[in-house]
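Written out below as structure tokens is the structure these notes cover.
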Amino acid sequence: MRIGELARATGATPRALRHYEQAGLLSSERAPNGYRVYDERAVVRVRNIRRLLDVGLTLDDVRVFMPCLDGDVVAAPPSEKGLEVVLERLAVLDERIAAQTAVRDRLAEALRRATGGRVRPVA
């Protein structure tokens, strides 16, 4: 199938598919006219890549899951490296959330002081 067909089948954009290919997560052959041609199995692979990206992993993180991208990535038993990557990503997200919460709290306090408590943050 051509890149547009794969994009429609997976909900990915052609640009994202080219990006996955450049990152080494997806491969294609070239037709005589130069168009990329993907195997039917690419649909499952792209859906799995998108699923992993949607839960917060990066393309570099997704590389760890290469052995199971062509199957049911959710049902596959987790590897030690996969667990390590997920735990590292969770730690990064927790740090970012804590930093953003601290900034929000400082801003809310500044608002309370500046308005004498008349204006309060919504949340």
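Percent of Cα-Cα pairs more than 15 Å apart in the range 51-123, please.
Roughly 65 percent, once rounded to a whole number.
Run the quick spin-label model on residue 74 and residue 104: label points 7 Å from Cα toward the beta carbon, then report their separation in nm to one decimal.
Once both label points are built, they end up 2.8 nm from each other.
Assign unit charges at the C-beta atoms only (+1 for Lys and Arg, -1 for Asp and Glu), then state the dipole size of the chain relative to its Cα centre in Debye, rounded to the nearest 20.
780 debye
When the Cα centres of the range 1-65 and the range 98-113 are compared, how far apart do they sit, in Å?
About 41 Å separates the Cα centre of the range 1-65 from the one of the range 98-113.
Given H placed 1.01 Å from N in the peptide plane, which residues other than close sequence neighbours of residue 2 have an amide H under 5 Å from its amide H?
Under 5 Å from the amide H of residue 2 lie the amide H atoms of 38, each far enough along the sequence or on another chain.
For the chain, how big is Rg over Rh, using alpha carbon atoms and the Kirkwood form of Rh?
1.22
The numbers here are math on the coordinates, done by the rules we state, and not lab data. Source: prediction; values computed, not measured. Ideal geometry is used to build each Cβ from the backbone, glycine not excepted, and the neighbour counts take in all protein chains shown.
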